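Every number here is computed from the coordinates shown, using simple stated rules; none is lab data. Computed from a predicted model, the values in this text were never measured in an experiment. Here the Cβ positions follow ideal geometry from the backbone for every residue, glycine too, while neighbour counts run over all protein chains shown.
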Amino acid sequence: MHMATMAESEQYVAVCPACEVGHLKVHSMLYSVPFFNELALFTMECPDCNFSHNDVFSAEQRRPRRWTLRVDEKSKLYIRVVRSGSGTVRLPEFGIDIEPGPAAESYISNVEGVLLRTRPVVESAINFAESETQKKRGRELLTEIDLAIAGEHSFTLVIEDPAGVSGILPDDLSLVQYEELTREEASELKGAPLWMDAVRDEYLERKG
């Protein structure tokens with residue numbers, strides 16, 4: 001599966017959510033992704049306070065979704081993953097849930113990339129752990145994640161998104177379980193930060 005970058009891109013200035021000065025440089029580019037059609041990738045940077053953030057979202061209305069992939073062979077580490085600012089990443093075997101927040105990282109990557117982004121989360125938890133038991137469990141998790149990155153430890157990857165933008169996209173869609181979430185299930189998930197919703201709304205207004 002190949003991702004085609006579309007020619008359309010745009011740059012404009014918006015109000016920075018961190019310092020509230022109207023110098024946030026927003027660069028957007030449309031990507032064509034099989035099964036998703038078009039996604040808009042945002043890169044935002046404020047020269048006044050050095051705030052920066054990336055996000056990805058669909059210009060189309062999408063239903064809340066859950067994607068589940070059992071990663072039991074190394075080749076599945078290279079399956080494409082889209083995680084937006086409203087996406088929740090779950091790794092049940094590791095007991096890890098990464099929910100959206102003001103600094104939630106959005107990306108278009110692969111399963112291996114999700115694991116590599118999870119390592120710093122675990123390392124941070126180890127540093128802030130109050131007991132040696134918690135620190136020990138954190139170190140064990142890092143070992144398990146490293147084994148998973150090497151293709152030597154099976155695990156499950158789940159991504160849920162009330163905006164329906166995030167997803168797990170193998171060439172063969174039969175490898176992944178796809179479900180539309182009920183309104184009740186979607187309401188229990190955290191969404192994108194309000195300031196990110198404002199950036200998205202402004203983008204849609206500019207698109208007309």
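When a/c is below 1.5 the answer is rounded, else prolate if a/b is larger than b/c, else oblate, so apply that to segment 125-166 with a ≥ b ≥ c taken from the square roots of the Cα gyration tensor eigenvalues. Oblate shape, in that a/c is at least 1.5 and b/c is the bigger or equal ratio. In terms of packing, defined here as the mean over residues of other Cβ atoms within 10 angstrom, the peptides 184-190, 140-146 line up highest first as 140-146, 184-190. Computed extension gain for M29 through Y12, at 0.36 nm per residue and net of the alpha carbon distance, reaches 4.9 nm.
With R₀ fixed at 41 Å, the C-beta to C-beta distance from Y78 to E45 puts the FRET efficiency at about 0.85. If R0 is 30 Å, the Cβ-Cβ spacing of E205 and I96 corresponds to a FRET efficiency of close to 0.20.
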